[in-house]
Amino acid sequence: MVTWLRPNGGCAPGLVGRLESVAQQLLLSADLLTYVRRHRQCSPWAKEAGGQVFGTISAEQIRVTVATGPYPLDERSRYRYRSDPAAAQHAIRAQSESGLLYLGEWHTHAEDQPGISGLDGDAMRLLLAKSQLNSNALLMLIVGRKTTVDSLGLWTVTAERVDQWRLEYVATVSDRGNTTPVWLKKYSPPPGSRLRFHERS
């Protein structure tokens, strides 16, 4: 059985992302999307929410499968979010013990088609500079007010640049309750791709 993610936000398995400068395909899992979308800023008084994203990395694929946060001591307002550093570090350790890598951050914006702000990029570069990470880049997932793919923004942030991923719907094949993603089309990065998510040894 093949299931397609519908543009109206209907029940579906996840999203696939592509970025020309990154060799791997990226998968945002359905569980992750469900979790972060629960915190959308749909009311006029809703504050930004956020946290960290975790997953696995292989030569072919970046799988973003878990999100944590928000935390009780986060700094939150309508247009600003800062994760509680102690709670974030605890989540990073806990997810690492379960075999997942810290891949980046997520937060909400009070807009339908979210964009990354200068403050967002600066905060991510500061994390890169001050942290011991498993990657040469971090992901920034921003969740808008809608449940459609255009209300999600995903960027890779490095010390030198910020690049936006192209997110698309993904199909799955279901066999006796096991669901496997099927990429909509084969993707080959262009020759000379410069960025690569990788696990540090």
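Could you count how many residues in the stretch 43-83 are under 16 Å from L139 (Cα atoms), in contact with a Lys or Arg (Cβ under 6 Å, 6 or more places away or on another chain) and surrounded by 18 or more Cβ atoms within 10 Å (Cβ to Cβ)? The number of residues fulfilling the criteria is 1. When the stretch 64-81 is filtered for residues that are more than 20 Å from P44 (Cα to Cα), in contact with a strand residue (DSSP E or B) (Cβ under 9 Å, 6 or more places away or on another chain) and either in a strand (DSSP E or B) or among the aliphatic types (A, V, I, L, M) (or both), the ones remaining, listed by number, are V64, T65, V66, A67. Scanning the stretch 118-147 for residues that are assigned to a loop (DSSP other than H, G, I, E, B), over 11 Å from A159 (Cβ atoms) and modelled with pLDDT of 85 or more yields G144, R145, K146, T147. Scanning the stretch 92-117 for residues that are assigned to a helix (DSSP H, G or I) and not polar (S, T, N, Q), we see that the one that is farthest from the chain's Cα centre (by Cα) is E97. Checking each residue in the stretch 33-66 for being hydrophobic (A, V, I, L, M, F, W, C), over 14 Å from T108 (Cβ atoms) and free of Cβ contacts under 8 Å to residues at least 60 places away in the same chain picks out F54, A59, V66. Of everything listed in (1) under 13 Å from L167 (Cβ atoms); (2) surrounded by 17 or more Cβ atoms within 10 Å (Cβ to Cβ); (3) free of Cβ contacts under 8 Å to residues at least 60 places away in the same chain; (4) not hydroxyl-bearing (S, T, Y), the single unmet condition for L152 is (3).
The values are calculated or read from the model by the stated rules, or taken from the named source; none is laboratory data. These figures come from a predicted structure and were not determined experimentally. Because the Cβ atoms are built from the backbone with ideal geometry, glycine has one as well, and the counts that use them run over all protein chains shown.
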